[in-house]
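Readers should treat all values here as calculations from the given coordinates under stated rules, not as data from a laboratory. None of the values given here were measured: they were computed from a predicted structure. Backbone-built Cβ (ideal geometry, glycine too); neighbour counts: all protein chains shown.
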Amino acid sequence: MATRWGICSAGKISHDFTVALKTLPAEDHQAVAVAARKLEDAQEFSRKHNISKAYGSYEELARDPDVDVVYIGNIHPHHLKACLLFMNAKKNVLCEKPLAMNTKEVKEILDSAKRNQVFLMEAVWTRFFPVSEEVRKLLAQREIGEVKMIRSEFGIPLLHRPRLVEKELGGGALLSLGMYCLQFVCMVYNGERPESIQATGVCLDTGVDETVIVTLKFSEKRMAVFTYSSSMKLPNDAIIVGTKGTIQIPSWMWCPTSLIVNGKETQYPLPEPCLPLNFHNGTGMRYEAEEVRQCLLKGLKESPVMSHSDSLLLIELEDEIRRQVGVVYSQDCL
Ligand SMILES: NC(=O)c1ccc[n+]([C@@H]2O[C@H](COP(=O)([O-])OP(=O)(O)OC[C@H]3O[C@@H](n4cnc5c(N)ncnc54)[C@H](OP(=O)(O)O)[C@@H]3O)[C@@H](O)[C@H]2O)c1
C-alpha cells in the first residue's frame with residue numbers, strides 16, 4: 001500500500017518535495033492532500049500537482065483520516081506549532097529543517113512525538129542521498145583511515161530573500177545554510193559532541209547572521225571547520241581528511257551527486273523533475289521520503305540515520321553558534 005502524504009503549506013519547498021515524490025513509484029508514495037493558510041493557494045497547488053484534496057487550514061489536514069504522514073514545509077518559526085498540531089492528531093511527521101528555532105522548541109517537539117507515539121524526522125535530506133550513504137559506508141570500512149579533519153562550505157547570495165534576512169521569518173544563514181555543514185560534521189563524527197566550538201562572524205542590520213566561520217575540536221585531536229554565508233557564493237564543497245586518504249564531495253555538498261575518493265570520482269545522477277524546481281537538485285528529496293516510508297513500514301518512530309538525538313545535538317550546537325555570534329530570536333526570550 002502506498003504511503004499517503006499530506007503536504008502542509010503550498011510554498012517553494014513543498015512544491016519541490018511534491019515533485020520529488022513523483023519520481024518514486026506511485027504504488028509506494030502518493031500526495032493525497034495539501035493545506036495552506038489560504039484555500040486558493042492550496043487549490044492552485046493541488047491543481048498543479050494533481051492532488052485530490054485541498055484545505056484552507058492546517059487543522060483540516062490534521063483531521064483527514066486518509067493521511068499517513070504530513071510533510072511540513074512552512075517557514076521555521078511556525079514549525080513548532082505545526083508539528084504539535086499534526087502529532088497531537090496522531091499524524092506521523094516529516095518536518096523541514098531546522099526542526100525549530102531553538103533547543104527549547106525542539107525538545108517540545110521531541111516530547112510530543114514520544115507522547116503521541118508517532119514517527120517524527122527532521123528533513124535533513126542530505127543524509128539520504130546515495131552519496132551520503134556511500135560516505136558512511138566508506139567511513140565504517142575505514143577506507144581513509146582515522147578521520148582527522150573535516151572542511152565544508154555553504155554560501156550563496158540570498159539577501160534578496162526576506163526569509164533569510166528578517167528575524168521574524170526565521171532569518172539568519174545558520175538555520176538555512178550553515179546547518180548543512182554542521183550536520184555533515186556531526187554525521188562524519190557519528191553524533192559525537194565536540195569538546196569545543198568557536199564561531200566568528202558578521203551579522204546583518206536586522207540582527208541575523210550573514211557570514212560565519214565555525215571551528216570545532218573533537219576528542220583525539222580531531223578537527224572540523226566550516227564557513228557559511230547568505231551574501232556570497234562559496235566553493236560549496238566538503239572534504240574529509242583521514243590518515244590514509246581523502247573523501248571529497250564537490251559542490252553542492254548539501255545535495256551531492258558526485259563523490260571523489262582518493263582522487264577517483266563517481267557520479268550519482270538524480271532523476272529529472274516533471275516540473276521546474278525552486279532549489280538545486282530538489283528531486284533528491286525522494287530519498288528522505290523513501291526513508292520515511294521504510295521507517296513507517298518497520299514501525300519505527302524515528303530514523304536511525306537522522307534520529308531525535310541527532311536533531312537535538314544539531315540545535316544545541318546551533319544555539320551555541322548563535323550565542324557566540326550574537327543572534328537572539330524572540331523565541332529565545334519566551
Ligand atoms: N531542504 C531544503 O533544501 C530546503 C530548501 C529551502 C527551504 N527549506 C526549509 O523549508 C522551509 C520553507 O522554505 P521555503 O523557501 O519553501 O519558504 P516559502 O516558500 O517562503 O514559505 C513556505 C510557506 O511558509 C508559510 N509562510 C510564509 N511566510 C509566512 C508568514 N509570515 N507567516 C506564516 N506562515 C508563512 C506559507 O505557508 P502557506 O502556503 O500555508 O501559506 C508558505 O507557503 C524553511 O523552514 C526552510 O528552512 C529547506
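Taking segment 4-20 as the range and being in a strand (DSSP E or B) and either of a type in the set (Gly, Ala, Ser) or at positive phi (or both) as the test, only GLY6 passes. So which residues in segment 44-57 are of a type in the set (A, V, I, L, M) and within 12 Å of the ligand (Cβ to nearest atom)? If the condition is that a residue be of a type in the set (A, V, I, L, M) and within 12 Å of the ligand (Cβ to nearest atom), then ALA54 is the only one that fits. Those strands (runs of 3 or more DSSP E) of segment 220-334 in which at least 1 residues are within 16 Å of TYR189 (Cα to Cα), considering only elements entirely within it, cover 222-229, 238-242, 245-249. Exactly one residue out of SER196, SER229, SER219 is within 20 Å of the chain's Cα centre (by Cα) and of a type in the set (Gly, Ala, Ser): that is SER229. Looking across segment 85-115 at every residue that is more than 15 Å from the ligand (Cβ to nearest atom) and of a type in the set (A, V, I, L, M, F, W, C), the one that is farthest from the chain's Cα centre (by Cα) is identified as ALA89. Taking segment 58-81 as the range and being within 12 Å of the ligand (Cβ to nearest atom), within 19 Å of LYS114 (Cα to Cα) and either touching a Cys at 6+ places or on another chain (Cβ under 6 Å) or acidic (Asp, Glu) (or both) as the test, the residues that pass are ILE72, HIS79.
Condition check for ALA26 on (1) within 16 Å of the ligand (Cβ to nearest atom); (2) closer than 17 Å to VAL292 by Cβ: one failure, at (1). Residues considered: THR243, THR283, THR257. Of these, the only one that is exposed (fewer than 13 other Cβ atoms within 10 Å of the Cβ) and of a type in the set (S, T, N, Q) is THR243. Say we look at segment 285-304 and pick out the residues that are among the charged types (D, E, K, R) and touching a residue at least 60 places away in the same chain (Cβ under 8 Å); which of these is farthest from LYS91 (Cα to Cα)? The selected residue is ARG286. Is it the case that some residue within segment 21-34 is within 25 Å of ARG161 (Cβ to Cβ), assigned to a loop (DSSP other than H, G, I, E, B) and in contact with an Asp or Glu (Cβ under 7 Å, 6 or more places away or on another chain)? No, segment 21-34 contains no residue that is within 25 Å of ARG161 (Cβ to Cβ), assigned to a loop (DSSP other than H, G, I, E, B) and in contact with an Asp or Glu (Cβ under 7 Å, 6 or more places away or on another chain).
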